[in-house]
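Participant: The structure is given below, and queries will be raised subsequently.
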């Protein structure tokens, strides 16, 4: 939490509730030091919400003729046509494409991008 620079009390209290079954004594101590009354073990457990686990971006490895030459982060909703345009414009891809003809660009959604050159 410190690495993420998260210091919101609402989030910290939810984390305490989640760790309480695994570290009951330290969770109880931190709960009372945070100014809360009663036992943490009598509080309602946080509800699961899938929206917080969904990623909005995907890191694609970029390959030229099957060899990884780098990786790039793109929005999850980006279409294949837009991905093809963006990949060809990348600096590190340009040096591998100099004087060569692109035969095809293979995109495995969410997995990888491979540029086949001749």
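Values quoted throughout were computed directly from the atomic coordinates according to the rules given, and no laboratory measurement underlies them. This one's a predicted model, so the numbers in the text were calculated from it and none came from an experiment. Virtual Cβ from ideal backbone geometry, glycine too; neighbours counted across all protein chains shown.
Participant: Restricting things to alpha carbons, tell me how big segment 57-117 is in terms of Rg and Dmax, in Å.
Facilitator: Answer for segment 57-117, Rg first and Dmax second: 10.6, 32 Å.
Participant: Please work out the Kirkwood hydrodynamic radius for segment 9-51, using every pair of different C-alpha atoms, and report it in angstroms with one decimal place.
Facilitator: Hydrodynamic radius (Kirkwood, Cα only) of segment 9-51 equals 10.6 Å.
Participant: Given contacts defined as C-alpha pairs under 8 Å and at least six residues apart, what's the relative contact order of the chain, whole-number percent?
Facilitator: Contact order relative to length: 19 percent.
Participant: I've got another one for you. Taking the Cα centre of each part, how many Å lie between segment 44-115 and segment 1-33?
Facilitator: When both Cα centres are located, 36 Å separates them.
Participant: Right, something else. If we sort 3-14, 41-52, 62-73 on the protection proxy, mean other Cβ atoms within 10 Å, highest first, what's the order?
Facilitator: The densest-packed peptide leads the list: 62-73, 3-14, 41-52.
Participant: Taking log10 I(q)/I(0) by the Debye sum over Cα atoms at q = 0.10, 0.18 Å⁻¹ straight from the coordinates, which label in (i) -0.55, -0.88; (ii) -0.27, -0.87; (iii) -0.34, -1.03 is the correct one?
Facilitator: (i)
Participant: Efficiency by 1/(1 + (r/R0)^6): what FRET value for residue 33 and residue 3, r their Cβ-Cβ distance, R0 = 22 Å, to the nearest 0.05?
Facilitator: Calculated transfer efficiency: 0.55.
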